[in-house]
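Chemist: Mind looking over this structure? Questions follow.
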Amino acid sequence: IVVDPWLFPLALATHARELGKQSIHGQNIDVIQTGREVVMDSSSFNTEEGIWNLVTRRCEKDSEDVVFQTKSIINSVGVNSDLMQKSASSVVRNINPPTFAARPRRGQYIVYSAPQNEFPTRPIQPVPTDRTKGIFVYSTLYNQIVVGPTAKDQSSRTDDEIERSVAKELAAHATRVFDRTMGSSIIQSDTDFDPTIVGEYVGIRPGTSKRDYQIQLHCHANFITVGGIRSTGLSASLGIGRHVVQSLLCSIVSRSEKESTSVQQASPTPLPDVESLVEQYHSRGDGTVNVAGHDYRVTHPLTRMGWDART
């Protein structure tokens with residue numbers, strides 16, 4: 001199954017905002033606050049009331065520090081999840097230091113355009129190993145071909161520079177699959193220039209020193225870490241989310257509250273169709289689209305490359 005890697009979490013965010021709007025006494029309060037950096041060292045947890053006071057770093061528009069109060073924290077900051085838990089454990093003694101260490105793993109990709117008759121009808125992959133599933137070749141929803149990812153461990157949590165030697169390896173792999181020469185450079189003066197290259201990018205997967213997902217509940221502090229969630233996390237996301245919520249509810253909701261609370265099921269409003277989003281993306285010209293009254297920046301390279309090509 002091939003999905004758009006940006007539209008799926010956008011649908012989840014849109015649904016979360018709808019549910020939040022319904023649950024806060026009918027008030028039009030946005031449950032998603034972005035662009036706020038939590039200063040964990042300055043934050044605190046009231047053990048008697050079970051409430052976190054989260055201090056956020058001051059922004060230009062703030063006249064003073066902004067403090068959020070919340071019953072729980074879900075530590076899902078990807079490649080920095082071990083650092084977040086370590087910082088929280090220094091503030092609250094009921095939180096244990098992390099038992100895992102981040103091991104960032106870079107994955108590099110090349111994206112090609114191709115004639116209609118060359119699109120793979122299903123993902124092509126080699127035989128997986130215990131370390132990696134290997135380099136895939138697959139078509140996107142936007143009639144482009146993706147070759148990647150590679151799997152290279154690195155110490156940096158932020159280095160996403162393109163490596164030319166790796167690009168050549170990806171191009172050689174694509175050449176074997178399609179049985180025709182495919183280049184690795186978008187620079188015309190290079191001997192390996194290929195005009196069908198749409199773009200290339202590097203993603204950093206949140207690998208850890210442990211093989212499995214690192215989902216750790218610290219029930220006496222209403223804190224749960226959701227770390228080490230790699231690419232399989234997309235298909236597992238709904239199950240992971242359900243598990244996390246059920247785990248937290250056991251610690252933040254009393255038995256009497258559970259018995260008196262009825263859960264209302266809400267049908268999410270579907271996203272606009274892709275064609276209208278693409279049209280809006282081009283007409284706005286600032287890399288954003290508006291969905292249900294909120295502006296979202298298109299951040300995933302595959303989505304941007306696909307939408308840029310649809311003029």
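Chemist: Which of the trypsin sites (Lys or Arg not before Pro) found in the range 62-114 are loop residues per DSSP with 11 or fewer other Cβ atoms within 10 Å of their Cβ?
Modeler: Sites meeting the loop and neighbour criteria: Arg93.
Chemist: Provide the descending list of Cα extents for the chain along its principal axes, expressed in whole angstroms.
Modeler: Sorted from largest, the Cα extents of the chain read 67, 42, 41 Å.
Chemist: Next question. Pop a pseudo-label 7 angstrom from the Cα along the beta-carbon direction at both Phe119 and Ala172 and give the gap in nm to one decimal.
Modeler: Distance between label points: 3.0 nm.
Chemist: For helix 7-23, report the angle its Cα long axis makes with the longest principal axis of the Cα atoms of the chain; keep it between 0 and 90° and round to the nearest 10°.
Modeler: 20
Chemist: Could you put His220, His243 in order of accessible surface area, largest first, with the 1.4 Å probe and the full protein assembly present?
Modeler: Sorted by accessible area, descending: His220, His243.
Chemist: A follow-up question, please. Putting +1 on Lys and Arg Cβ atoms and -1 on Asp and Glu Cβ atoms, find which of Leu83, Val291, Met305 reaches farthest to the positive end of the dipole of the chain.
Modeler: Selected residue: Leu83.
Chemist: Testing the spin-label approximation: label points 7 Å from Cα along Cα→Cβ at Lys133 and Thr299. State their distance in nm.
Modeler: With each label point 7 Å from Cα toward Cβ, the separation is 2.2 nm.
Chemist: Using the beta-carbon distance between Glu275 and Val66 and R0 = 30 Å, what value does 1/(1 + (r/R0)^6) give for FRET efficiency, to the nearest 0.05?
Modeler: Working from the Cβ atoms, E equals 0.15.
Chemist: Points 7 angstrom from Cα along the Cβ direction at Ser155 and Asp179: gap in nanometres?
Modeler: Reported label-point gap for Ser155 and Asp179 is 4.6 nm.
Chemist: So how do 124-130, 191-197 stack up, highest first, on mean other-Cβ count within 10 Å?
Modeler: Result, highest mean first: 191-197, 124-130.
Chemist: Which of the peptides 51-59, 108-116 is most tightly packed, and how do the rest follow, judged by the mean count of other Cβ atoms within 10 Å per residue?
Modeler: Most protected by this proxy first, the peptides run 108-116, 51-59.
Chemist: Something else now. Give me the aspartates and glutamates in straight-line cross-link reach of Lys210: C-alpha distance below 20 Å, same-chain residues under 8 apart excluded.
Modeler: Candidates past the 8-residue exclusion: Asp82, Asp130, Asp153.
Chemist: Taking the Cα centre as origin and putting +1 on Lys and Arg beta-carbons and -1 on Asp and Glu beta-carbons, what dipole magnitude results for the chain, to the nearest 20 debye?
Modeler: 900
Chemist: Let me ask another. What list of ³J(HN,Hα) couplings, whole Hz, do you get for the range 122-130 from phi and the Karplus terms 6.51, -1.76, 1.60, once you set θ to phi - 60° and write x for glycine and proline?
Modeler: 8, x, 10, 9, x, 6, x, 10, 5
The values are calculated or read from the model by the stated rules, or taken from the named source; none is laboratory data. What you see is a predicted model; the values in this text were computed from it and never measured. Methodologically, a virtual Cβ is constructed for each residue, glycine included, from the backbone with ideal geometry; neighbour enumeration extends over all protein chains shown. Ligands, DNA and RNA are stripped out before the accessible areas are found, and what is left, the full protein with its side chains, is counted by its heavy atoms. Shrake-Rupley method; radii C 1.70, N 1.55, O 1.52, S 1.80 Å.
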